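All of the numbers you see were taken from the coordinates with simple rules; none came from a lab. Note that the structure is predicted; figures quoted are calculated from it, not measured. Virtual Cβ from ideal backbone geometry, glycine too; neighbours counted across all protein chains shown.
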Amino acid sequence: MVTYYYRRGYVLETDIMKELEKRGFYVIRSAGSHRLCDLIAIPNKNMLDNKPLCIQCKKTTKPNQLPKISRKELEMLKKLEKEYNVKVLLGLRYRFKGRWITVLVTPDEYLAKKAKLKNKKVKN
């Protein structure tokens, strides 16, 4: 079972990695490190925002739910962003209304999306 979960994470990481490489980033995958950053994306010199990206990838198979990220992990990612002059993004993959969605969002955008989904559930 562990191999299955590892494979799902690997597929998400490589999908995001390929997309960033198409956009001109040099991407390093931190395989099996259990660190805050699954991917480090370094922009080329022609990019306007030339901060490196620290990307934490998360996936869920539960329909209409965002992947779970603890408050502690989000705080650690924000601290990393301040201390090391990097831009932190979350690479999320989830099912919404029957479709797989993959997005890159900031920790604050993640919290806003999570609150919005929670409000929709309360109303229903």
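Data overview
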item	result
Shape call, the stretch 62-122: gyration tensor on alpha carbons, a/c limit 1.5	prolate
For Rg/Rh (Cα atoms, Kirkwood Rh), calculated from these coordinates, the label among (1) 0.94; (2) 1.52; (3) 0.98	(3)
Entries of LYS18/LYS45; LYS72/LYS97; LYS62/LYS116; LYS22/LYS68; LYS18/LYS118; LYS51/LYS116 with Cα pairs more than 23 Å apart	LYS72/LYS97; LYS22/LYS68; LYS18/LYS118; LYS51/LYS116
Degrees between helix 2-22 axis and first principal axis of the chain (Cα, 0 to 90, nearest 10)	50
Residues in the stretch 37-71 that a label on TYR26 would reach, taking backbone N under 19 Å of a point 7 Å out along Cα→Cβ	38-55
Karplus-derived HN-Hα couplings along the stretch 97-108 (A = 6.51, B = -1.76, C = 1.60, θ = phi - 60°), whole Hz, x at Gly and Pro	6, x, 10, 7, 10, 10, 9, 10, 9, 7, x, 5
Isolated Cys residues of the chain, judged by Cβ distance under 4.7 Å to other cysteines	CYS57
Nearest-ten-degree value, helix 71-84 long axis tilted from longest Cα axis of the chain	20
Using a Förster distance of 35 Å, the FRET efficiency for LYS51-PHE96 (Cβ separation, nearest 0.05)	0.75
Sites matching trypsin sites (Lys or Arg not before Pro) across the stretch 33-99 that sit in DSSP coil, with at most 16 neighbouring C-beta atoms within 10 Å	ARG35, LYS45, LYS68, LYS97
Rg/Rh ratio calculated on Cα atoms of the stretch 46-97 (Kirkwood radius)	1.08
Partner aspartates and glutamates for LYS58 [C-alpha distance under 13 Å; skip if fewer than 8 residues away on the same chain]	GLU13, ASP15, ASP38, GLU73
